[in-house]
Structure formats: C-alpha cells, structure tokens
Amino acid sequence: MTRVYVDMVADLFHYGHVEFLKKASALGDHLLVGINSDEAVQANKRDPILNMEERVASVAGCRYVDEVVPDAPWIMDAAWIEEHKIDLVV
C-alpha cells in the first residue's frame, strides 16, 4: 500500500483544494492530509479564518482523504515521515 502525504492550511476549503486532493489521492492507495496548526499558519502566512479544528473537519469530509493529521509540522523531517509511514510526499 502506497501512503501519500500532503499538507495544507485548508482555510475556507474550496473546489481547488478538492481537485488537489483528488490528484494526490490518485498517486497511491491511502491519502494522509496534514493540517497546520493555527500558530504555524499565523507565523508563516496570516491569521486563519477557520481554526484548526474546523479546518480538520472540512478536510476529513472530503471523499479523497483517508486520514487527517492535525497539527502537522510546517517543515517535516525524515523522522516525522517515518513515524507516519509515508511513502510519497506531494
């Protein structure tokens, strides 16, 4: 089984996000989506409109997503990838 990983802010989840996740899911058998924390988003982009809990719920409802990882790191390392058994990072 190929585990594919993407991360995203997913603030105001929309059609473009769904298309991105659809394409990512086609690259493997199991799609994990990391959602960055509110603090990481504030530090690297802007204040999110939706909080992390709301963004996680929005993404979890997408038919192409098999698993959501809340509080995903802004920059992941090899140990984090191994811990989550990720085969492909998109």
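Please treat every number below as a calculation from the coordinates, not as lab data. Quantities reported herein were computed from a predicted structural model and do not represent experimental measurements. Cβ sites come from the backbone with ideal geometry, for glycine too, and all protein chains shown count toward neighbours.
Between residue 53 and residue 27, what length comes free when the chain is fully extended (0.36 nm per residue of separation minus the Cα-Cα distance, one decimal in nm)?
6.7 nm
Using a Gaussian network model of the chain with C-alpha springs under 10 Å, which one of 57, 79, 26 is most mobile by mean-square fluctuation?
Result: 79 has the largest fluctuation of those listed.
For the range 70-84 and the range 1-31, what is the separation of their C-alpha centers, rounded to whole Å?
Comparing the Cα centres of the range 70-84 and the range 1-31, I get a distance of 16 Å.
Could you tell me the relative contact order of the chain? Use alpha-carbon pairs under 8 Å, at least six residues apart, and round to a whole percent.
41 percent
Once both labels are modelled 7 Å past Cα along the beta-carbon direction, what's the residue 20-residue 89 spacing in nm?
Going by the 7 Å Cα→Cβ label model, 1.6 nm.
Based on the Cβ-Cβ distance of residue 45 and residue 66, what FRET efficiency does E = 1/(1 + (r/R0)^6) give at R0 = 35 Å, to the nearest 0.05?
0.85
Where Rh is the Kirkwood radius over the Cα pairs of the range 3-89, the temperature 4 °C and the viscosity 1.567 mPa s, what D in µm²/s does Stokes-Einstein return?
It comes out at roughly 100 µm²/s.
Cβ neighbours within 10 Å, averaged per peptide: list 64-72, 46-54, 34-42 in order, most packed at the top.
34-42, 64-72, 46-54
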